[in-house]
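Read the structure below first, then the notes.
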């Protein structure tokens, strides 16, 4: 025989279900109004960008006044951060260009402040300023960097793919996720942006898998030209032989926006 207390609970539950069903049948009028209201932010935000950088102009820049020149943006590694610009010349294109005659690029080598990381907004502002002040061929702007600068190179290229004609990340890494949010036009721009990636297979600081992940993502995404050079037996310094090879600069200069 059913206990009275159980019968009482059963009747209460049935009544509650009936009220819920009735509310659903009545429609939205019985639903409680949301306490959240739609609002819109409209505020002008300004920020002063500051970066120290080294600038190298081609030897013929002043004499060839009507010519526009290719630009190379170089991002250094973590050890070169600070306020001493001489440190920026320790590795990479600034070191090569210092010893080389007739370096064919406008070379822009910013210095990341101590304790900071490469910032896309500051780098984009730097590019804007250099392109306004100097005779830059905006269809031949190239991006490269090593180690921390390799990470910065990946991040900047995947944020502003429309700004570059070719990209060379060295022993870096990053996240390919942002490219999946591009609209149709930027997807096509991304797919036509050439990459040449370098890494040592014995790198103890930035494991090879960091570059492998990015290269595989680009290929899967449909980027048309993705070159990947892995140096066997090489540790973290995969940049010295890369930047010493004239073929790298020939490869860069063979690319321009709109014809890749």
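The values are calculated or read from the model by the stated rules, or taken from the named source; none is laboratory data. In this text, all values refer to a predicted model and were calculated from it rather than measured experimentally. FYI the Cβ positions are ideal-geometry reconstructions off the backbone, even for glycines, and counts take in every protein chain you see.
With the structure loaded, tell me whether residue 102 is part of a loop (DSSP other than H, G, I, E, B), out of contact with any helix residue (DSSP H, G or I) (no Cβ under 8 Å at 6 or more places or on another chain) and surrounded by fewer than 16 Cβ atoms within 10 Å (Cβ to Cβ) or whether it fails that test.
yes
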I need the full set of residues from segment 62-80 which are in contact with a helix residue (DSSP H, G or I) (Cβ under 8 Å, 6 or more places away or on another chain) and surrounded by 12 or more Cβ atoms within 10 Å (Cβ to Cβ), in order please. 70, 71, 72, 73, 74, 75, 76, 77, 78, 80
Taking segment 132-148 only, how many residues are in contact (Cβ under 8 Å) with a residue 12 or more places away in the chain, out of contact with any helix residue (DSSP H, G or I) (no Cβ under 6 Å at 6 or more places or on another chain) and over 21 Å from residue 104 (Cβ atoms)? 1
Is it true that residue 225 is out of contact with any helix residue (DSSP H, G or I) (no Cβ under 9 Å at 6 or more places or on another chain), at pLDDT 95 or above and within 21 Å of residue 71 (Cβ to Cβ)? yes
Considering segment 105-126 alone, what residues qualify as being over 12 Å from residue 152 (Cβ atoms) and in a loop (DSSP other than H, G, I, E, B)? 105, 113, 114, 115
Restricting the search to segment 152-169, which residues are over 21 Å from residue 96 (Cα atoms) and either within 11 Å of the chain's Cα centre (by Cα) or part of a strand (DSSP E or B) (or both)? 154, 155, 156, 157, 158, 159, 160, 161
Among the residues of segment 212-234, the number that are assigned to a loop (DSSP other than H, G, I, E, B) and surrounded by fewer than 14 Cβ atoms within 10 Å (Cβ to Cβ) is 4
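Yes/no per residue for (1) at pLDDT below 95; (2) assigned to a helix (DSSP H, G or I); (3) in contact with a helix residue (DSSP H, G or I) (Cβ under 8 Å, 6 or more places away or on another chain); (4) crowded, with 19+ Cβ neighbours inside 10 Å:
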| position | (1), (2), (3), (4) |
| --- | --- |
| 172 | no, no, yes, yes |
| 179 | yes, yes, yes, yes |
| 186 | yes, yes, yes, no |
| 190 | no, yes, yes, yes |
| 196 | no, no, yes, yes |
| 199 | no, no, yes, yes |
| 205 | no, no, no, no |
| 209 | no, yes, no, no |
Are any of the residues in segment 107-122 under 23 Å from residue 163 (Cβ atoms), in contact (Cβ under 8 Å) with a residue 12 or more places away in the chain and over 19 Å from the mean Cα position of the chain (by Cα)? yes
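Quick one: how many residues across segment 85-99 are outside any helix (DSSP H, G or I) and more than 23 Å from residue 131 (Cα to Cα)? First the steps, then the outcome.
Keep residues of segment 85-99 that are outside any helix (DSSP H, G or I), which gives 90-92.
Of the ones still in play, those that are also more than 23 Å from residue 131 (Cα to Cα) are 90-91.
The number of residues fulfilling the criteria is 2.
Results for (1) part of a loop (DSSP other than H, G, I, E, B); (2) at pLDDT below 95; (3) touching a helix residue (DSSP H, G or I) at 6+ places or on another chain (Cβ under 6 Å), shown as yes or no for each residue.
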| residue | (1), (2), (3) |
| --- | --- |
| 1 | yes, yes, no |
| 16 | no, yes, no |
| 25 | no, yes, no |
| 29 | no, yes, no |
| 35 | yes, yes, no |
| 49 | yes, yes, yes |
| 55 | no, no, no |
| 60 | yes, yes, no |
| 83 | yes, no, no |
If I go through segment 238-260 residue by residue, how many of them are surrounded by 18 or more Cβ atoms within 10 Å (Cβ to Cβ) and not in a helix (DSSP H, G or I)? 4
Which pairs do you get when a residue that is on the phi < 0 side of the Ramachandran plot, found in segment 207-233, comes within reach of a residue that is assigned to a helix (DSSP H, G or I) and at pLDDT below 95, reach meaning Cβ atoms under 7 angstrom, with the pair 6+ apart or on two chains? 221/179
